[in-house]
Structures are given as structure tokens and as C-alpha cells.
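Only one structure is covered here, and it is reproduced in the block below.
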Amino acid sequence: MNTSPQLVQRTEVPAAPPLLSPGAVLGRLQGHERGPVHIIDPFKVPQAEAVEKAKILDDLGCPALILASTDYEAFESRMDPYVAAIKEVSSLPVLLHFPPRKGFGFPLARGADAVILPALLGSRDDYYVWKSYLETLVNLPGRVDREDWPELLLTVALTFGEDHKTGDLLGTVPVATTTTEQIDRYIAVTRSFGFHMVYLYSRYAQVPSDVVRHFRRQLHPDQILFVSGNVRRRDHVSAYLEAGADYVGFAGALEHADWRSTLAEITAEGP
């Protein structure tokens, strides 16, 4: 690689914030009581409904709100006012969780507090394993003002069970659960590179509880374990928390007219 002074001078990119330093959002997640976290798809859920949900979740003392979608179009025009409306009525940190796009990296919205940067270790495409990180950092200075840079949450993201939608889009292969050999390799990478979080996800089923337990036993205590997928009742949340998850994400459970009753049940204290 050519590292001559001339090349360095021509490639003037402002230094990004230290990736491995804990920021306000990470510190909040590490210190907050374990429990459920709502995930809103801004390309499905109307803005007014998201605002109402955010106010209730804030009153309930939830640690954060995640905005996420596998598919998105016209990201900035949709997301910038969406985030602003939520932040106007809620003190919850807003986290973004969207797949990157080649040539651009991970999408960002003004006002978001943090962005989950998933390294899809199980992807067949190395862009989604690690190159998307670099592309995001290269593009970041020109996309937002320096003082508005979101906190970057470095995350190992793994999928469980058949998921052709994610597989076709991001090249992911479901994690094998018949033995722990593959899982142990992923855990070793997570610990060695100092990732902030691990995100375990199943689109059509649920992540096995014994897998959650295995991750929690092997991860560093400060590394956050997040589990999501088909969480629709309080007993789903309780089972994952008992298995060692720090946070349990739920999304589709509130995508219906009677979502207020479901939210009350899912966030209720107790088993």
C-alpha cells in the first residue's frame, strides 16, 4: 500500500470519534435495567403513531427506542422529520438500525442519537461483514456536521432459522445450532475486537434460549446482548431475560390497532 506523505495530504478526512470509547448511549444501555425495547419500522408505522408510542415508552422508563427496517426508500426525506418529531416529545435515545447500501454505507438521520453498525459475520458477502463499516466512516464527514455525528454502536449481528429475505438482501446464512463450534468462533471475534453489542435475530422463529445462555456466559460483562424476533408476549420477554439477554426487541407485536393493550402486557413487570 502506498503511504507516502503526498497521498496522506491529498486524502484529508476528519478523524472520527474513537470507536471503542463508551459514549452516552452505550453507557446508558450498559447501566440501565434489563428489559424490553420497542423497534419501530418508520416505513410501516405512521409518524403520529410512532410519536405516541415514544411518549408512552419514555413514561415507562425504557432504555431507548430503535428505528429499523430491512427495506427503505427516500431515507433522509422520510427519516429526518420522523426522528425530529419523536425527539420533540421524548427523551429516549433514538437508535437507527438499517442495512447499508453499497457505495454509501449505513444511512443516517439527523437528530438520531446512535446508529447500530452490524457486522454480519454470517454473510457470504464481505461488504456486509466489514467493508460497510469503512465505507460509512469515509462518507460520514460529508453527510452530517461533525458535532451531529451519531454515536456508533459496533455490533455483531447473527441470524437464526430460515430467513430468505435477509439472505437474499445481505447474503446471510443462518447460524448452525446443532453444535457450538460456529457460535464459539463468533464469540471469539466479538471479544477479540471489542464489539459493543451482539444482536441475535430470528425472523420467523425464535432464537433458542440455550444459545442466548451460551453467549451470555462467554461474552464480556460490558458487552450488551440483544435478542429479537417474534417477541409478542411478556412470557417471550421473560424467557429471554432469564436466559441472559440484556434487552429483548419487539416490533410486529405493536403493528395492529390494539397496540396499547399489547404494549402494557409486554412491558409489565414480573415474570
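The values are calculated or read from the model by the stated rules, or taken from the named source; none is laboratory data. Everything numeric here is computed off the predicted structure, so don't read it as measured data. In this analysis, Cβ positions are derived from the backbone assuming ideal geometry, glycine residues included, and neighbour counts consider all displayed protein chains.
Quick notes on this structure:
- Qualifying residues in the stretch 108-119 (those that are closer than 16 Å to THR70 by Cα and modelled with pLDDT under 95) - the one surrounded by the fewest Cβ atoms within 10 Å (Cβ to Cβ): ALA109
- Checking each residue of the stretch 135-150 against the condition of being buried (at least 22 other Cβ atoms within 10 Å of the Cβ), under 15 Å from the mean Cα position of the chain (by Cα) and outside any helix (DSSP H, G or I) gives at least one match.
- Odd one out for VAL129 among (1) part of a helix (DSSP H, G or I); (2) over 21 Å from LEU158 (Cβ atoms); (3) among the aliphatic types (A, V, I, L, M); (4) at pLDDT 95 or above: (2)
- First in the stretch 76-102 and at positive phi and touching a residue at least 60 places away in the same chain (Cβ under 8 Å), second anywhere and aromatic (Phe, Trp, Tyr) and crowded, with 21+ Cβ neighbours inside 10 Å, Cβ under 9 Å, 6 or more apart: none
- Unique residue being acidic (Asp, Glu) and touching a residue at least 60 places away in the same chain (Cβ under 8 Å) when the list is GLU269, GLU255, GLU265, GLU242: GLU255
- Flag for LEU158 being at pLDDT 95 or above, touching a helix residue (DSSP H, G or I) at 6+ places or on another chain (Cβ under 9 Å) and over 30 Å from GLY103 (Cα atoms): no
- For the stretch 237-271, filtering for residues that are in contact with a helix residue (DSSP H, G or I) (Cβ under 8 Å, 6 or more places away or on another chain), surrounded by 13 or more Cβ atoms within 10 Å (Cβ to Cβ) and over 16 Å from CYS62 (Cα atoms) leaves 6.
- Selection count, the stretch 162-193, where residues are hydroxyl-bearing (Ser, Thr, Tyr), modelled with pLDDT under 95 and buried (at least 17 other Cβ atoms within 10 Å of the Cβ): 2
- The criterion of at least 2 residues that are in contact with a His (Cβ under 7 Å, 6 or more places away or on another chain) is met, among helices (runs of 4 or more DSSP H) falling completely within the stretch 175-271, by 181-192.
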